[in-house]
Amino acid sequence: MSPFRRGLGTAAILTGLVLVMCEVTNKDYCIIGAGPGGLQMAYFLQQAGRDYVVLERNNISGSFFVRYPRHRKLISINKRYTGTTNVEFSLRHDWNSLLSHDPSLLYRHYSRDFFPHADTMLQYLQDYTMRLRLRVRYGTEVTSVATVPSNTTWNDHVFRLSTRNGDLWTCNIVLVATGLSMPNEPNFLGSELSEGYESVSVDPSDFEGQRVLILGLGNSAFETADRLMGTTSHIHLIGRSRVRLAWSTHYVGDIRAVNNDLLDTYQLKSLNGILEASVDSLKLEKTSDGRLQAYLGENGDWLPVTDTETGDSSGWGDNYSLREPYDRIIRCLGFHFDFSIFEKSLRVGPAERCKRKYPLVQSSHESPSTPGLFFIGTIGHSLDHRKAAGGFIHGFRYTARTVHRLLEFRNHDVPWPTVRLPISQLFITIVRRINEASGPYQMFSVLADVVLLKKNATEFEYLEEYPISALSDFEANTGRVADEALFVINLEYGKNFSGPGLDVFSDGRADINPFEAWNSNFLHPVIYYYLRLPTANKMQFRPKGWTLPRPTSIHHIVEDFLTVWTAPVSHLLPLRRFLESCLHSDLRNFFAETCFHQALTARQQPITCQQGYLQGAGLGAGRWLQNVIPPTLQLMTGQAT
């Protein structure tokens, strides 16, 4: 029996001494929550043959989607056609599918809608659970997570999970995937007079002719406003920050175009409007006719200011935006993580930079205070909040795979998967990944590919989707040795492409000159070259705004309108020359006659002649090449058949 299992046995004995009457079940891995994040992790554990269970309090997978979004339209796109049959490339534009080996479990088989109905997500998650035979224990609500000391485990403890029905589970690793379930409720004067997004009526006829004030400027607020616009007389939205539109910020969690019809009616003066003010400064009072008057606190006064003798408004109140009372006030202020199930000794706390919405995690998604406790799915989004897509299915399906690979090496001595190839294949391998990989595309500047040079740069190991912020811990996390130089292939936006007051549709928003590629604003590949693995100190004190420390050399591939980097002159030639300058090798491909001539006339042949014709390790035309790479590139690299 391995130490991994012995630790659990010890915990079971200790727990059994205390609570003899309870049923105690031991597992290596316990996943809390059968939403998309929990199911995705369950899939990877099942494929690896690990001992795990998913504990779900409801009787259905993905129970969040039974109620949310309230108006039933998802904002995750369902792009059914991408112009290619390459599954990996198509996943770049499929925001709903979980990863699996079963092609029938792609979301395009479940809905034809670009923005699907939430009911189809429910059906999809049930099918995903059943067809893959994931081990989900329904009706099992975890009420407490604690630790039990153990002297036989790597972290000196195992976890004890208590459930509402009185059963106990002991686990070596706990993966929390409960999502954001607690509505944000303000605490201003009269807040009890408002209605919550989680419970307000979704029938537009219930709001006919009414004036409605919505608290919040997020997607739930705009979703609600768009649903009610056709029946209300006025809709006003109020929130602390300016409206942030996803097409401007490049953050999928900001206001999506599918929800922003109200902006038209606001700017075209059709009785709807938006105000910027803190919800915390509000006060609500009932008027004599049962309506709701909203006041804003300013400099110790409440606006509108009313003359107590005449009842007339004066001063600021004369032109006060909220001077007319409302029939309904709805709070749509989002959700936050429920910390209540964790015992205080675990010291699970919120990430301050995310307004305490998510738990604090390390780059490995592990709790900084409790080893072995991981937060995955939506609640792992504190690492890339307001940046990449880690809070959504099309992002956390990849971070779940990353966490699984970390656990495989830590607990089972399974190194991070790599492909080892001759250096003559480096160029075409990088070109393939930047043009089809979906993980780095959606988790840009969070997950990156790492290329380890081997045998004096005559070979390389290619490792996919490594967490870029943990680069200094690369060897400890992967089991791979970075003893020579390395490349890091990342996708990045330009630093000045978006921000308050910037016009992302300006005439100069794009650059097509490969000599000015570093000025690229839109998403584009950036290749970092290091002679040695960056240290933790260099990672911590990297230049402000940089994703990684300053490298030995860096190469930006110029942005492309099609987000396909296959143009021979603009994309491929500069990339090949950059790689050659780093490797001090000629990476061009030659015909056999040329290689034969150089073998007779030159002291050293190009690397592709050496590895291709002399060693039989040259480039081969794989099926992916015809599927993804256009004929121009196939000719350029000698791959045309």
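Annotation: extensible slack from GLU141 through GLU298 equals 52.0 nm (criterion: 0.36 nm per residue apart, minus Cα-Cα distance).
For region 85-196, the normalised intensity computed at q = 0.17, 0.18, 0.23 Å⁻¹ comes to -1.00, -1.02, -1.23 (log10 of I(q)/I(0), Debye sum over alpha carbons, equal scatterers, no solvent). Comparing Cα centroids, region 466-538 and region 318-382 end up 29 angstrom apart.
How high is the FRET efficiency between LEU275 and ARG67 when r is their beta carbon distance and R₀ equals 25 Å, given to the nearest 0.05? Spell out each step's value before the answer.
Working: r = 28 Å, r/R0 = 1.14.
FRET efficiency, LEU275 to ARG67: 0.30.
The slack between GLU285 and LEU245, meaning 0.36 nm per residue of separation minus the straight C-alpha distance, is 11.2 nm.
Over the chain, DSSP H runs of length four or greater, each weighted -39,500 (n - 2.57), average out per residue to a 222 nm ellipticity of -6500 deg cm²/dmol. With both labels modelled 7 Å from their Cα along Cα-to-Cβ, the PHE596 to ARG532 distance reads 4.7 nm. The residues of region 40-119 expose on average 45 square angstrom of accessible surface per residue, using a 1.4 Å probe on protein heavy atoms.
Sites listed here are GluC sites (Glu not before Pro) in region 205-285 whose DSSP assignment is loop and whose Cβ has at most 12 other Cβ atoms within 10 Å: GLU208. Take the Cβ atoms of GLN615 and MET130, set R0 to 41 Å, and the FRET efficiency comes out at 0.25.
With a simple spin-label model that places each label point 7 Å from the Cα along the Cα-to-Cβ direction, the separation between ALA510 and VAL202 comes to 3.8 nm.
With only Cα atoms counted, region 175-272 has Rg and Dmax values of 14.6, 49 Å.
What percent antiparallel are the DSSP beta bridges of the chain, to the nearest 5? Working shown, then result.
On the way: 54 of 90 bridges.
Here the antiparallel bridges make up roughly 60 percent for the chain.
Between HIS584 and THR82, the contour length at 0.36 nm per residue exceeds the Cα-Cα span by 176.9 nm. Based on every Cα atom in region 383-439, Rg and the maximum pairwise Cα distance Dmax equal 14.6, 39 Å.
Roughly what angle does helix 118-131 make with the longest principal axis of the chain, taking Cα atoms, 0 to 90 degrees, to the nearest 10? For 118-131 against the chain, the angle is about 50 degrees.
If packing is taken as the mean number of other Cβ atoms within 10 Å per residue, what is the order of 35-44, 514-523, 534-543, 404-413, highest first? Numbers along the way, then the final one.
On the way: 35-44: 26.0, 514-523: 16.6, 534-543: 12.8, 404-413: 18.5.
Those peptides, ordered most packed to least, come out 35-44, 404-413, 514-523, 534-543.
In region 91-161, a dipole from Cβ-located charges (positive for Lys and Arg, negative for Asp and Glu) runs towards its positive end, and of GLY139, TYR110, TRP154 it is TRP154 whose Cα lies farthest in that direction. So how far apart, in nm, are the two label points at ARG577 and ARG542 if each is 7 Å from Cα heading toward Cβ? Using points 7 Å along Cα→Cβ, the separation is 2.7 nm. Of the trypsin sites (Lys or Arg not before Pro) in region 251-298, the ones in a loop by DSSP (not H, G, I, E or B) with at most 14 other beta carbons within 10 Å are LYS269.
Taken along its three principal axes, the alpha carbon spread of the chain comes to 107, 72, 47 Å, from the longest extent down to the shortest. Taken per residue, the accessible surface of region 141-268 reaches 40 Å², heavy atoms only and a 1.4 Å probe. In terms of its Cα atoms, region 534-587 spans 39, 31, 11 Å along the principal axes, sorted from long to short. The calculated FRET efficiency for the pair GLN604 and THR552, based on their C-beta separation and a Förster distance of 30 Å, comes to about 0.80.
Does anyone have the angle between helix 36-47 and the longest principal axis of the chain? Alpha-carbon axes, 0 to 90°, nearest 10? In the chain, helix 36-47 runs at an angle near 30 degrees to the longest axis.
In the chain, the longest principal axis of the Cα atoms and the axis of helix 219-228 are about 50 degrees apart.
The values are calculated or read from the model by the stated rules, or taken from the named source; none is laboratory data. The model shown is predicted, which means the values in this text are computed figures rather than measured ones. All Cβ positions, even for glycine, are placed from backbone atoms using ideal geometry, and neighbour counts span all protein chains on display. All accessible areas refer to the heavy atoms of the entire protein, side chains included, with ligands and DNA or RNA removed. Shrake-Rupley method; radii C 1.70, N 1.55, O 1.52, S 1.80 Å.
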